[in-house]
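Written below as C-alpha coordinates is the structure these notes are about.
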Amino acid sequence: MRTLIRNAHCVLPDGTQKTDVLIEDNTILDVAASKATQADDIVDASGFHLLPGVIDDQVHFRDPGLTHKEDLHTGSLACAKGGVTTFLEMPNTKPATITRAALADKLELAASKCVVNYGFYIGATPDNIAELNKTDRTPGIKIFIGSSTGNLLVDEQEALERIFAETTLPICAHCEDEATVRANAERLHGGSEYADHSKIRDHKAAVIATQRAVDLARRHNHRFHVLHVSTADELPIIADHGDILTAEACPHHLLFNVEDYKRLGSLVQMNPSIKSPVDNAALWRGLNDGQIQVIATDHAPHTLEEKNQPYPQSPSGLPAVENSLALMLNAVNESRCTLEQVVGWMCDAPARVWDIVNKGRIAEGYDADLVLVNLRKRHTIRNKDQVTKCGWTPWDGETFTGLPVRTWVMGKTVFADGKIDAKHRGTEARFDHALGGYWVTPEPL
Ligand code: DOR
(Lines give C-alpha, C1' and ligand atoms only; values in the text may rest on other atoms or scores of the structure.)
Protein backbone atom coordinates (compact mmCIF):
# COMPACT_ATOMS: atom_id res chain seq x y z
CA MET A 1 0.00 0.00 0.00
CA ARG A 2 1.41 3.37 -1.04
CA THR A 3 0.24 6.73 0.28
CA LEU A 4 1.40 10.02 -1.21
CA ILE A 5 1.05 13.15 0.91
CA ARG A 6 1.27 16.03 -1.53
CA ASN A 7 2.06 19.73 -1.13
CA ALA A 8 2.44 19.83 2.68
CA HIS A 9 5.03 22.06 4.29
CA CYS A 10 7.13 19.25 5.76
CA VAL A 11 9.33 19.73 8.81
CA LEU A 12 12.36 17.72 7.75
CA PRO A 13 15.60 17.34 9.73
CA ASP A 14 17.24 20.07 7.64
CA GLY A 15 14.34 22.51 7.66
CA THR A 16 10.80 23.05 6.47
CA GLN A 17 10.03 22.67 2.81
CA LYS A 18 7.05 22.09 0.57
CA THR A 19 7.51 18.57 -0.75
CA ASP A 20 5.65 15.32 -1.51
CA VAL A 21 6.16 12.45 0.94
CA LEU A 22 5.66 8.86 -0.18
CA ILE A 23 4.84 6.14 2.33
CA GLU A 24 5.02 2.44 1.48
CA ASP A 25 3.31 0.21 4.03
CA ASN A 26 4.73 1.35 7.37
CA THR A 27 7.83 3.18 6.13
CA ILE A 28 8.68 6.58 4.67
CA LEU A 29 10.00 5.74 1.22
CA ASP A 30 10.71 9.14 -0.29
CA VAL A 31 10.67 12.68 1.12
CA ALA A 32 10.97 14.30 -2.29
CA ALA A 33 8.66 12.21 -4.45
CA SER A 34 8.42 13.31 -8.06
CA LYS A 35 5.20 14.74 -9.45
CA ALA A 36 4.73 11.59 -11.53
CA THR A 37 4.66 9.30 -8.46
CA GLN A 38 1.73 6.88 -8.35
CA ALA A 39 0.08 5.77 -5.10
CA ASP A 40 -3.00 3.93 -3.85
CA ASP A 41 -4.01 6.90 -1.76
CA ILE A 42 -3.18 10.52 -2.55
CA VAL A 43 -3.70 13.11 0.18
CA ASP A 44 -3.70 16.74 -0.90
CA ALA A 45 -2.19 18.50 2.10
CA SER A 46 -1.91 21.99 0.57
CA GLY A 47 -1.85 24.61 3.28
CA PHE A 48 -1.03 22.12 6.05
CA HIS A 49 2.23 21.25 7.85
CA LEU A 50 3.44 17.66 8.08
CA LEU A 51 5.41 16.77 11.22
CA PRO A 52 6.89 13.56 12.58
CA GLY A 53 4.42 12.02 15.04
CA VAL A 54 4.90 13.27 18.60
CA ILE A 55 6.71 10.94 21.00
CA ASP A 56 5.46 11.61 24.53
CA ASP A 57 8.06 10.15 26.86
CA GLN A 58 6.09 10.56 30.07
CA VAL A 59 2.50 9.40 30.44
CA HIS A 60 0.52 7.50 33.10
CA PHE A 61 -2.19 5.35 31.51
CA ARG A 62 -3.19 3.51 34.73
CA ASP A 63 -3.41 0.08 33.14
CA PRO A 64 -3.41 -2.39 34.83
CA GLY A 65 -5.12 -1.65 38.09
CA LEU A 66 -6.40 1.92 38.04
CA THR A 67 -8.47 1.74 34.88
CA HIS A 68 -11.37 3.78 36.22
CA LYS A 69 -9.08 6.80 35.52
CA GLU A 70 -7.69 5.74 32.12
CA ASP A 71 -6.62 2.57 30.33
CA LEU A 72 -4.21 1.75 27.56
CA HIS A 73 -6.98 1.93 24.97
CA THR A 74 -8.48 5.28 26.00
CA GLY A 75 -5.06 6.81 26.63
CA SER A 76 -3.97 5.74 23.16
CA LEU A 77 -7.14 7.19 21.60
CA ALA A 78 -6.26 10.50 23.22
CA CYS A 79 -2.76 10.17 21.72
CA ALA A 80 -4.13 9.56 18.21
CA LYS A 81 -6.32 12.66 18.43
CA GLY A 82 -3.46 14.76 19.78
CA GLY A 83 -0.90 13.75 17.12
CA VAL A 84 1.04 11.54 19.55
CA THR A 85 2.12 8.41 17.66
CA THR A 86 4.30 6.83 20.37
CA PHE A 87 4.00 7.03 24.14
CA LEU A 88 6.35 5.85 26.86
CA GLU A 89 4.44 4.95 29.98
CA MET A 90 5.44 5.07 33.63
CA PRO A 91 5.58 2.09 36.01
CA ASN A 92 3.28 3.33 38.81
CA THR A 93 0.38 1.09 37.83
CA LYS A 94 -1.15 -1.70 39.95
CA PRO A 95 0.82 -3.92 40.02
CA ALA A 96 3.77 -1.61 39.50
CA THR A 97 6.02 -2.45 36.53
CA ILE A 98 9.03 -3.48 38.58
CA THR A 99 9.81 -6.93 37.17
CA ARG A 100 10.58 -8.21 33.72
CA ALA A 101 7.43 -10.32 33.93
CA ALA A 102 5.23 -7.30 34.74
CA LEU A 103 6.82 -5.44 31.83
CA ALA A 104 6.08 -8.34 29.47
CA ASP A 105 2.47 -8.44 30.73
CA LYS A 106 2.04 -4.73 30.06
CA LEU A 107 3.51 -5.05 26.58
CA GLU A 108 1.08 -7.87 25.85
CA LEU A 109 -1.85 -5.84 27.14
CA ALA A 110 -0.73 -2.88 25.03
CA ALA A 111 -0.55 -5.00 21.88
CA SER A 112 -4.23 -5.84 22.32
CA LYS A 113 -5.42 -2.33 23.26
CA CYS A 114 -3.25 0.48 21.89
CA VAL A 115 -4.11 2.46 18.77
CA VAL A 116 -0.64 4.07 18.71
CA ASN A 117 2.89 2.78 19.37
CA TYR A 118 4.06 2.16 22.90
CA GLY A 119 6.94 1.54 25.27
CA PHE A 120 7.10 1.09 29.04
CA TYR A 121 9.64 2.04 31.68
CA ILE A 122 10.66 -0.38 34.38
CA GLY A 123 10.41 1.04 37.90
CA ALA A 124 13.23 0.90 40.45
CA THR A 125 12.66 -0.24 44.02
CA PRO A 126 15.28 -0.43 46.80
CA ASP A 127 15.88 -4.10 45.94
CA ASN A 128 15.02 -5.00 42.32
CA ILE A 129 18.37 -4.43 40.59
CA ALA A 130 18.41 -7.96 39.21
CA GLU A 131 15.12 -7.25 37.39
CA LEU A 132 16.39 -3.93 36.07
CA ASN A 133 19.26 -5.74 34.42
CA LYS A 134 17.17 -8.44 32.80
CA THR A 135 15.47 -6.57 29.98
CA ASP A 136 16.08 -4.18 27.14
CA ARG A 137 12.46 -4.04 25.91
CA THR A 138 12.23 -0.68 27.66
CA PRO A 139 13.37 2.91 27.21
CA GLY A 140 14.90 2.76 30.67
CA ILE A 141 14.56 2.81 34.44
CA LYS A 142 12.27 5.19 36.31
CA ILE A 143 13.12 6.19 39.85
CA PHE A 144 10.72 8.10 42.08
CA ILE A 145 13.31 9.92 44.20
CA GLY A 146 10.28 11.65 45.70
CA SER A 147 7.00 9.85 46.16
CA SER A 148 4.03 10.71 43.97
CA THR A 149 0.93 8.73 42.96
CA GLY A 150 1.47 5.06 43.99
CA ASN A 151 4.06 3.65 46.35
CA LEU A 152 7.23 3.61 44.25
CA LEU A 153 9.92 5.45 46.18
CA VAL A 154 13.68 5.09 46.41
CA ASP A 155 15.15 7.85 48.55
CA GLU A 156 17.83 6.10 50.60
CA GLN A 157 21.28 7.05 49.40
CA GLU A 158 22.68 3.55 49.54
CA ALA A 159 19.92 2.13 47.34
CA LEU A 160 20.26 4.99 44.86
CA GLU A 161 24.04 4.51 44.67
CA ARG A 162 23.56 0.85 43.87
CA ILE A 163 20.99 1.51 41.14
CA PHE A 164 23.26 4.04 39.42
CA ALA A 165 26.33 1.81 39.89
CA GLU A 166 24.94 -1.60 39.02
CA THR A 167 22.52 -0.99 36.14
CA THR A 168 23.19 -0.10 32.52
CA LEU A 169 19.85 1.11 31.11
CA PRO A 170 19.32 4.88 30.92
CA ILE A 171 17.69 6.25 34.08
CA CYS A 172 15.09 8.98 34.54
CA ALA A 173 13.76 10.30 37.81
CA HIS A 174 10.99 12.21 39.49
CA CYS A 175 12.99 14.69 41.56
CA GLU A 176 11.30 16.11 44.66
CA ASP A 177 13.04 15.72 48.01
CA GLU A 178 10.98 13.54 50.32
CA ALA A 179 12.39 14.96 53.57
CA THR A 180 11.74 18.55 52.50
CA VAL A 181 8.20 17.71 51.37
CA ARG A 182 7.48 15.96 54.69
CA ALA A 183 8.90 18.84 56.77
CA ASN A 184 6.87 21.41 54.80
CA ALA A 185 3.71 19.32 55.19
CA GLU A 186 4.26 19.09 58.94
CA ARG A 187 4.82 22.84 59.25
CA LEU A 188 1.56 23.49 57.35
CA HIS A 189 -0.32 20.77 59.26
CA GLY A 190 -0.80 18.84 56.03
CA GLY A 191 -2.17 21.87 54.18
CA SER A 192 -5.82 22.85 53.82
CA GLU A 193 -6.13 24.56 50.43
CA TYR A 194 -4.96 23.59 46.96
CA ALA A 195 -2.42 26.42 46.82
CA ASP A 196 -0.68 24.85 49.82
CA HIS A 197 0.50 22.15 47.44
CA SER A 198 3.15 24.50 46.00
CA LYS A 199 4.26 25.41 49.53
CA ILE A 200 4.61 21.75 50.50
CA ARG A 201 6.19 20.56 47.25
CA ASP A 202 8.19 23.74 47.08
CA HIS A 203 11.03 25.11 45.03
CA LYS A 204 13.61 23.78 47.49
CA ALA A 205 12.26 20.22 47.29
CA ALA A 206 12.75 20.17 43.51
CA VAL A 207 16.19 21.75 43.61
CA ILE A 208 17.59 19.45 46.34
CA ALA A 209 16.40 16.28 44.62
CA THR A 210 17.58 17.31 41.16
CA GLN A 211 21.01 18.19 42.57
CA ARG A 212 21.18 14.85 44.31
CA ALA A 213 20.21 12.92 41.18
CA VAL A 214 22.62 14.83 38.96
CA ASP A 215 25.45 14.18 41.46
CA LEU A 216 24.65 10.45 41.34
CA ALA A 217 24.56 10.39 37.55
CA ARG A 218 27.83 12.33 37.34
CA ARG A 219 29.74 10.18 39.85
CA HIS A 220 28.57 6.96 38.22
CA ASN A 221 28.80 8.38 34.70
CA HIS A 222 25.30 7.06 34.07
CA ARG A 223 22.95 8.34 31.36
CA PHE A 224 20.24 10.31 33.08
CA HIS A 225 17.10 12.22 32.11
CA VAL A 226 15.58 14.76 34.53
CA LEU A 227 11.80 14.49 34.23
CA HIS A 228 9.55 17.55 34.48
CA VAL A 229 11.91 20.34 35.51
CA SER A 230 9.76 22.92 37.30
CA THR A 231 12.07 25.63 38.64
CA ALA A 232 14.57 28.20 37.36
CA ASP A 233 17.14 26.98 39.89
CA GLU A 234 17.33 23.48 38.46
CA LEU A 235 18.71 24.85 35.19
CA PRO A 236 22.23 25.66 36.44
CA ILE A 237 22.32 22.21 38.06
CA ILE A 238 21.65 20.40 34.81
CA ALA A 239 23.93 22.61 32.72
CA ASP A 240 27.43 21.34 31.89
CA HIS A 241 26.66 17.63 32.00
CA GLY A 242 25.87 17.41 28.31
CA ASP A 243 27.75 14.16 27.85
CA ILE A 244 25.31 12.16 30.02
CA LEU A 245 22.34 14.32 30.89
CA THR A 246 19.10 15.49 29.28
CA ALA A 247 16.08 17.23 30.75
CA GLU A 248 12.42 17.75 30.11
CA ALA A 249 9.67 20.32 30.64
CA CYS A 250 5.89 19.80 30.65
CA PRO A 251 3.31 22.14 29.10
CA HIS A 252 1.68 22.68 32.52
CA HIS A 253 4.92 23.95 34.05
CA LEU A 254 5.41 26.25 31.06
CA LEU A 255 1.84 27.58 31.03
CA PHE A 256 0.52 27.49 34.63
CA ASN A 257 1.83 29.06 37.83
CA VAL A 258 0.64 29.57 41.42
CA GLU A 259 -1.73 32.34 40.30
CA ASP A 260 -3.81 29.64 38.59
CA TYR A 261 -4.90 27.91 41.81
CA LYS A 262 -7.53 30.67 42.25
CA ARG A 263 -9.12 29.83 38.89
CA LEU A 264 -8.47 26.10 38.61
CA GLY A 265 -7.98 24.75 42.15
CA SER A 266 -7.00 21.09 42.25
CA LEU A 267 -7.08 20.82 38.43
CA VAL A 268 -3.57 22.29 38.48
CA GLN A 269 -2.40 20.28 41.48
CA MET A 270 0.39 18.04 40.26
CA ASN A 271 3.84 16.78 41.21
CA PRO A 272 6.20 18.57 40.88
CA SER A 273 3.92 21.45 41.80
CA ILE A 274 3.42 24.49 39.61
CA LYS A 275 5.73 27.33 40.58
CA SER A 276 6.02 31.09 39.86
CA PRO A 277 5.83 33.19 36.68
CA VAL A 278 9.61 33.59 36.98
CA ASP A 279 9.95 29.81 36.75
CA ASN A 280 7.63 29.70 33.69
CA ALA A 281 9.91 32.18 31.93
CA ALA A 282 13.06 30.30 32.95
CA LEU A 283 11.72 27.02 31.53
CA TRP A 284 11.00 28.67 28.18
CA ARG A 285 14.54 30.07 28.28
CA GLY A 286 15.91 26.62 29.16
CA LEU A 287 14.19 25.15 26.10
CA ASN A 288 15.32 27.94 23.82
CA ASP A 289 18.91 27.73 25.10
CA GLY A 290 19.01 23.94 24.69
CA GLN A 291 19.43 23.13 28.41
CA ILE A 292 16.06 21.37 28.26
CA GLN A 293 15.75 19.11 25.23
CA VAL A 294 12.34 17.43 25.57
CA ILE A 295 8.70 18.41 26.07
CA ALA A 296 6.45 15.67 27.48
CA THR A 297 3.09 15.80 29.21
CA ASP A 298 3.27 13.68 32.38
CA HIS A 299 -0.37 12.92 31.41
CA ALA A 300 -1.72 11.82 34.80
CA PRO A 301 -5.50 11.43 34.78
CA HIS A 302 -7.72 11.20 37.86
CA THR A 303 -11.53 11.40 37.85
CA LEU A 304 -13.14 14.76 38.54
CA GLU A 305 -14.74 13.23 41.61
CA GLU A 306 -11.28 12.36 42.94
CA LYS A 307 -9.89 15.78 42.01
CA ASN A 308 -12.81 17.58 43.68
CA GLN A 309 -11.93 16.23 47.11
CA PRO A 310 -10.55 18.83 49.52
CA TYR A 311 -6.78 19.24 49.87
CA PRO A 312 -4.76 17.15 50.66
CA GLN A 313 -7.06 14.22 49.71
CA SER A 314 -7.21 15.53 46.12
CA PRO A 315 -4.75 13.51 44.00
CA SER A 316 -1.96 15.11 41.93
CA GLY A 317 -1.89 15.03 38.16
CA LEU A 318 -3.68 16.28 35.07
CA PRO A 319 -4.42 14.90 31.59
CA ALA A 320 -2.70 16.57 28.64
CA VAL A 321 -1.75 14.08 25.95
CA GLU A 322 -4.54 15.04 23.56
CA ASN A 323 -3.81 18.76 23.78
CA SER A 324 -0.03 19.05 24.13
CA LEU A 325 0.78 19.48 20.45
CA ALA A 326 -2.09 21.95 19.97
CA LEU A 327 -0.80 23.97 22.94
CA MET A 328 2.68 24.05 21.45
CA LEU A 329 1.33 25.03 18.01
CA ASN A 330 -0.40 27.89 19.77
CA ALA A 331 2.96 28.84 21.29
CA VAL A 332 4.38 28.94 17.75
CA ASN A 333 1.56 31.30 16.76
CA GLU A 334 2.39 33.46 19.77
CA SER A 335 6.03 33.59 18.57
CA ARG A 336 7.31 31.92 21.73
CA CYS A 337 9.14 29.35 19.61
CA THR A 338 9.34 28.01 16.08
CA LEU A 339 7.60 24.99 14.60
CA GLU A 340 11.01 23.40 14.01
CA GLN A 341 11.82 23.76 17.73
CA VAL A 342 8.52 22.10 18.64
CA VAL A 343 9.41 19.17 16.38
CA GLY A 344 12.84 19.03 18.01
CA TRP A 345 11.43 18.99 21.56
CA MET A 346 8.44 16.70 20.99
CA CYS A 347 9.57 14.30 18.22
CA ASP A 348 13.28 14.21 17.44
CA ALA A 349 14.75 14.67 20.93
CA PRO A 350 12.68 12.01 22.74
CA ALA A 351 13.62 9.47 20.05
CA ARG A 352 17.30 10.29 20.56
CA VAL A 353 17.15 10.42 24.36
CA TRP A 354 15.60 6.95 24.56
CA ASP A 355 17.38 5.34 21.57
CA ILE A 356 14.10 4.68 19.75
CA VAL A 357 14.85 3.07 16.43
CA ASN A 358 13.60 4.82 13.26
CA LYS A 359 11.30 7.35 14.85
CA GLY A 360 11.16 11.09 15.46
CA ARG A 361 12.02 12.36 11.99
CA ILE A 362 10.54 12.58 8.53
CA ALA A 363 13.35 10.82 6.71
CA GLU A 364 13.64 7.99 4.24
CA GLY A 365 13.61 4.59 5.95
CA TYR A 366 11.99 5.98 9.10
CA ASP A 367 8.63 4.71 10.37
CA ALA A 368 5.61 6.41 8.81
CA ASP A 369 4.42 7.95 12.09
CA LEU A 370 3.20 11.36 10.98
CA VAL A 371 0.88 14.17 11.96
CA LEU A 372 -0.68 16.78 9.72
CA VAL A 373 -1.43 20.08 11.42
CA ASN A 374 -3.44 23.13 10.54
CA LEU A 375 -1.32 25.89 12.01
CA ARG A 376 -4.03 28.54 11.59
CA LYS A 377 -7.06 26.66 12.95
CA ARG A 378 -8.75 28.44 15.89
CA HIS A 379 -10.37 25.95 18.26
CA THR A 380 -11.77 25.83 21.77
CA ILE A 381 -10.79 22.95 24.04
CA ARG A 382 -13.83 21.53 25.86
CA ASN A 383 -14.28 18.86 28.52
CA LYS A 384 -17.09 17.30 26.52
CA ASP A 385 -14.79 16.66 23.55
CA GLN A 386 -12.00 14.97 25.52
CA VAL A 387 -11.41 11.31 24.75
CA THR A 388 -9.27 10.66 27.82
CA LYS A 389 -11.39 8.51 30.14
CA CYS A 390 -11.27 11.09 32.93
CA GLY A 391 -13.22 13.47 30.66
CA TRP A 392 -11.78 16.81 31.75
CA THR A 393 -8.95 19.17 30.95
CA PRO A 394 -7.54 22.20 32.77
CA TRP A 395 -7.83 24.08 29.44
CA ASP A 396 -11.64 23.68 29.23
CA GLY A 397 -13.16 26.71 27.48
CA GLU A 398 -9.84 28.14 26.29
CA THR A 399 -9.31 29.03 22.65
CA PHE A 400 -6.02 28.35 20.87
CA THR A 401 -4.65 28.51 17.35
CA GLY A 402 -3.11 25.44 15.69
CA LEU A 403 -4.54 21.91 15.65
CA PRO A 404 -3.50 18.39 14.62
CA VAL A 405 -5.98 17.23 11.96
CA ARG A 406 -4.70 13.85 10.78
CA THR A 407 -2.45 11.21 12.33
CA TRP A 408 -0.71 8.24 10.70
CA VAL A 409 0.67 5.39 12.81
CA MET A 410 3.02 3.09 10.92
CA GLY A 411 1.52 4.26 7.63
CA LYS A 412 -2.15 3.88 8.62
CA THR A 413 -4.49 6.79 9.21
CA VAL A 414 -5.70 6.53 12.82
CA PHE A 415 -7.25 9.99 13.12
CA ALA A 416 -8.87 12.13 10.41
CA ASP A 417 -11.96 14.33 10.02
CA GLY A 418 -12.38 14.33 13.79
CA LYS A 419 -12.69 10.53 13.94
CA ILE A 420 -10.34 8.00 15.52
CA ASP A 421 -9.85 4.49 14.13
CA ALA A 422 -10.24 2.71 17.47
CA LYS A 423 -9.58 -0.67 15.85
CA HIS A 424 -6.06 0.10 14.69
CA ARG A 425 -3.25 -1.41 16.77
CA GLY A 426 0.13 0.25 17.19
CA THR A 427 3.43 -1.57 17.61
CA GLU A 428 6.03 -1.91 20.34
CA ALA A 429 8.71 0.77 19.97
CA ARG A 430 12.20 -0.66 19.54
CA PHE A 431 15.02 0.60 21.74
CA ASP A 432 18.64 0.14 20.74
CA HIS A 433 20.64 1.35 23.70
CA ALA A 434 23.86 0.83 21.80
CA LEU A 435 22.87 4.03 19.96
CA GLY A 436 24.13 5.85 23.04
CA GLY A 437 21.55 8.56 23.67
CA TYR A 438 20.80 12.15 22.73
CA TRP A 439 24.30 13.50 22.87
CA VAL A 440 25.88 10.95 20.57
CA THR A 441 23.02 10.28 18.15
CA PRO A 442 23.67 12.34 15.03
CA GLU A 443 21.99 15.71 15.11
CA PRO A 444 19.54 16.51 12.34
CA LEU A 445 21.41 17.08 9.09
O1 DOR B 1 1.21 14.82 39.52
C2 DOR B 1 1.67 13.73 39.23
N3 DOR B 1 0.87 12.66 39.09
N4 DOR B 1 2.98 13.57 39.08
C5 DOR B 1 3.54 12.36 38.93
O6 DOR B 1 4.74 12.30 38.78
C7 DOR B 1 2.72 11.14 38.98
C8 DOR B 1 1.39 11.46 38.55
C9 DOR B 1 0.40 10.33 38.72
O10 DOR B 1 0.74 9.20 38.40
O11 DOR B 1 -0.73 10.62 39.13
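The values are calculated or read from the model by the stated rules, or taken from the named source; none is laboratory data. Just so it is clear, the structure is predicted and the values come from calculations on it, not from any experiment. Glycine also receives a Cβ, built like all others from the backbone with ideal geometry; neighbour counts cover every protein chain displayed. Heads up: the accessible areas ignore ligands, DNA and RNA and are worked out on the full protein's heavy atoms, side chains in. Shrake-Rupley method; radii C 1.70, N 1.55, O 1.52, S 1.80 Å.
Shown in residue order for the stretch 59-68 are the 3J(HN,Hα) couplings computed by the Karplus curve 6.51 cos²θ - 1.76 cosθ + 1.60 at θ = phi - 60°: 9, 10, 9, 6, 10, x, x, 10, 6, 6 Hz (x for Gly and Pro).
Once the 1.4 Å probe is applied to the protein heavy atoms, the chain comes out at 37 Å² accessible per residue. With a Förster radius of 45 Å applied to the beta-carbon distance between Asp30 and His379, the computed FRET efficiency rounds to 0.90. Partner lysines whose Cα lies under 20 Å from the Cα of Lys204, excluding those fewer than 8 positions away in the same chain, are identified as Lys275. Residues whose amide H comes within less than 5 Å of that of Phe48, counting only those at least five positions distant or on another chain, are His9 (H built at 1.01 Å from N in the peptide plane). Amide hydrogen proximity for Asp30: with H placed 1.01 Å from N in the peptide plane, the residues at 5 or more positions away or on another chain lying under 5 Å are Leu22.
Counting charges near Thr427 (Lys, Arg +1; Asp, Glu -1) among other residues having Cβ under 14 Å from its Cβ returns a value of +1. Annotation: aspartates and glutamates with alpha-carbon distance below 16 angstrom to Lys35 (same-chain offsets under eight excluded): Asp20, Asp44. Counting only residues at least eight positions apart within a chain, or on another chain, the lysines with an alpha carbon under 20 Å from that of Lys423 are Lys81, Lys106, Lys113, Lys389, Lys412.
What does the highest-first list of 40-46, 282-288 look like by mean Cβ count within 10 Å? List each step's numbers first, then the result.
Details: 40-46: 14.0, 282-288: 19.6.
Result, highest mean Cβ count within 10 Å first: 282-288, 40-46.
Taking the accessible area of the stretch 261-391, probe 1.4 Å, and keeping the other protein chains in place, the carbon and sulfur fraction comes to 48%. At the listed q of 0.07, 0.10, 0.13 Å⁻¹, the Debye profile of the chain, built from one uniform point per Cα, gives log10 I(q)/I(0) equal to -0.31, -0.64, -1.13.
Across the stretch 397-414, rounded Karplus estimates of 3J(HN,Hα) from the backbone phi angles (6.51 cos²θ - 1.76 cosθ + 1.60, θ = phi - 60°) give x, 8, 9, 10, 10, x, 8, x, 10, 8, 10, 10, 10, 6, x, 9, 6, 10 Hz, Gly and Pro being marked x.
Charge tally for Asp40 (other residues, Cβ to Cβ under 11 Å; Lys, Arg +1; Asp, Glu -1): -2.
Please report the relative contact order for the chain, taking Cα pairs under 8 Å with a sequence separation of at least 6, and give it as a percent rounded to a whole number.
Working: 1102 pairs, mean separation 93.8, N = 445.
Contact order relative to length: 21 percent.
Here the dipole of the stretch 285-375 is about 200 debye; that uses its Cα centre as origin and unit charges on the Cβ of Lys and Arg (positive) and Asp and Glu (negative).
Loop sites only, by DSSP: take the GluC sites (Glu not before Pro) in the chain that have at most 13 other C-beta atoms within 10 Å and name the longest stretch containing none of them. Segment 157-333 is the longest.
Given the Cα-Cα distance of Leu304 and Lys199 and 0.36 nm per residue of separation, how much length would full extension add, in nm?
On the way: separation 105, 0.36 × 105 = 37.80 nm, distance 2.32 nm.
Fully extending the segment from Leu304 to Lys199 adds 35.5 nm.
Backbone geometry of the stretch 343-354 corresponds, through the Karplus equation with coefficients 6.51, -1.76 and 1.60 at θ = phi - 60°, to 3J(HN,Hα) couplings of 5, x, 6, 9, 10, 5, 5, x, 5, 6, 4, 9 Hz, x marking Gly and Pro.
Here the stretch 156-189 and the stretch 7-26 have alpha carbon centers that stand 43 Å from each other.
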